[in-house]
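First comes the structure, then the notes that go with it.
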Amino acid sequence: LFRSLDELPQNLRGSLLAIGNFDGVHLGHQAVIAAAHQKADALGCPLGVMLFDPHPRSFFAPDADSFRLTRLATRARLMADIGVDFTLALPFNADMAACSAEDFIEMIRGDNLNVRGVAIGHDFRFGKDRRGDVEMLRAHSQTHGFEVVMTEAVMQPNSVTPYSSSAIRAALRDGDPETAAQLLGHSWAIEGEVTQGDQRGRTIGFATANTPLGDYLLPKFGVYAVRALVQDGALTGQMFDGVANLGMRPTVGTDAPRLETHLFDFDADIYGCSLSVALLGFIRPEQKFDGLDALKQQIAKDSTQAREMLAAMPADC
């Protein structure tokens, strides 16, 4: 993962470069990468991805609701998993927003990148006022000698609707992580550092790992069956089933939405560790209970239901 053109080593210049935001790295994105991979192999050059962080939408509408599906490091890891050699994440700032389409093409074909080719989706637009498109790229490619690989929209099964990040966001906001996973090609997860909470869960027998939501999209508030992957520390790579509450904790209150995950049959200390919590099934909406005893009884029921849901799912889900 490189954060500027200057960081990119010489041996990765002259690559086939897939360009886009790739938020979620969903099945449509994966089709663009697959086409890029095929062309990179044919050209005998590295395969890279160029994206922008923060997302341009965040730059132009900073007060809009959070909509991010995957953090930058997560996208880079998912890209590596499907055969991408490097991810180049350029900052989207005032200078980038003012960059003309022609200057953008000059940037990717010039000495800093010297691309052998670019791969894009059918709806890719670039440059100030989104004036650049595939036809402009093709025109310049003939002059400057680089390939253009354009992937048509990839439709959902038995549908005329393409895979899209917007459809995934809508599914998550509806409390439908199963549909989101079908569109992504993998489960949707929230990643973050386990922080110290008020430890109220310990007092009722359901200790939780608390993860701030940061700038993630806010799915439907409620209780979910989850699988959590420990990403660092002594338990790196280990997966645990659990049940999680996502939201405002109406019984006890909180100052901001949070994800609280109770891991089954687990008593290790993972404070400060990075946890990836995949939402696999929606159990119920958030609700307020008349005291901690009632909350404890409900969490026990939720845990039983989560165990049953997870037992019916593949272990690698």
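Condition test on residue 73, is it under 23 Å from residue 98 (Cα atoms), open to solvent by 40 Å² or more (accessible area, probe 1.4 Å) and not β-branched (Val, Ile, Thr)?
So residue 73 does not fit the description; no.
Do you know which residues across the range 156-166 are β-branched (Val, Ile, Thr) and either closer than 20 Å to residue 69 by Cβ or buried (at least 16 other Cβ atoms within 10 Å of the Cβ) (or both)?
161
Matching residues to (1) assigned to a strand (DSSP E or B); (2) touching a Phe, Trp or Tyr at 6+ places or on another chain (Cβ under 9 Å):
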residue	(1), (2)
241	yes, yes
265	no, yes
278	yes, yes
317	no, no
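Go through 153, 98 for me and flag whichever is free of Cβ contacts under 8 Å to residues at least 40 places away in the same chain, surrounded by fewer than 17 Cβ atoms within 10 Å (Cβ to Cβ) and of a type in the set (A, V, I, L, M, F, W, C). Write out each step before concluding.
Values: 153 fails: free of Cβ contacts under 8 Å to residues at least 40 places away in the same chain.
Within the list 153, 98, the selection yields 98.
Would you mind finding the one in 192, 121 that is in contact (Cβ under 8 Å) with a residue 60 or more places away in the chain, surrounded by 14 or more Cβ atoms within 10 Å (Cβ to Cβ) and closer than 25 Å to residue 41 by Cβ?
121
Residue under question is residue 231, and the condition is that it be among the polar types (S, T, N, Q), out of contact with any Pro (no Cβ under 7 Å at 6 or more places or on another chain) and touching a residue at least 40 places away in the same chain (Cβ under 8 Å); does it hold?
Here the answer is yes, as residue 231 does meet what is asked.
Return the only residue of 24, 48, 20 being more than 17 Å from residue 118 (Cβ to Cβ), surrounded by 17 or more Cβ atoms within 10 Å (Cβ to Cβ) and either touching a residue at least 40 places away in the same chain (Cβ under 8 Å) or among the aromatic types (Phe, Trp, Tyr) (or both).
Only one candidate passes the filter, namely 24.
Assuming residue 64 fulfils every condition listed in (1) within 19 Å of residue 132 (Cα to Cα); (2) in contact with a Lys or Arg (Cβ under 8 Å, 6 or more places away or on another chain); (3) surrounded by fewer than 20 Cβ atoms within 10 Å (Cβ to Cβ) apart from one, which condition is it?
(1)
Do we find that residue 92 is modelled with pLDDT under 95 and not basic (Lys, Arg) in this structure?
Details: modelled with pLDDT under 95: yes; not basic (Lys, Arg): yes.
Taking the combined requirement at face value, the residue satisfies it.
Counting only residues that are open to solvent by 50 Å² or more (accessible area, probe 1.4 Å) and not polar (S, T, N, Q), which one in the range 234-249 is farthest from residue 314 (Cα to Cα)? Spell out the reasoning first.
Going through the range 234-249, the residues open to solvent by 50 Å² or more (accessible area, probe 1.4 Å) turn out to be 234, 236-239, 241, 248.
The next check asks that each one be not polar (S, T, N, Q); those that pass are 234, 237, 239, 241, 248.
On the way: 234: 25, 237: 17, 239: 13, 241: 12, 248: 30 Å.
Checked the range 234-249; the qualifying residue farthest from residue 314 (Cα to Cα) is 248.
Checking residue 210 against (1) modelled with pLDDT of 95 or more; (2) open to solvent by less than 30 Å² (accessible area, probe 1.4 Å), which test does it fail?
Single failed check for residue 210: (1).
Determine which member of the set 283, 270, 299 is assigned to a helix (DSSP H, G or I) and surrounded by 15 or more Cβ atoms within 10 Å (Cβ to Cβ).
299
Going by the structure shown, is residue 184 within 30 Å of residue 228 (Cβ to Cβ) and touching a residue at least 40 places away in the same chain (Cβ under 8 Å)? Can you show your working first?
Details: within 30 Å of residue 228 (Cβ to Cβ): yes; touching a residue at least 40 places away in the same chain (Cβ under 8 Å): yes.
Considered against the rule, which asks whether it is within 30 Å of residue 228 (Cβ to Cβ) and touching a residue at least 40 places away in the same chain (Cβ under 8 Å), residue 184 comes out as yes.
The values are calculated or read from the model by the stated rules, or taken from the named source; none is laboratory data. Please read all numbers here as calculations on a predicted model, not as lab measurements. Don't worry about glycine lacking a Cβ; one is built from the backbone with ideal geometry, like all the others, and counts go over all protein chains shown. Ligands, DNA and RNA are stripped out before the accessible areas are found, and what is left, the full protein with its side chains, is counted by its heavy atoms. Shrake-Rupley method; radii C 1.70, N 1.55, O 1.52, S 1.80 Å.
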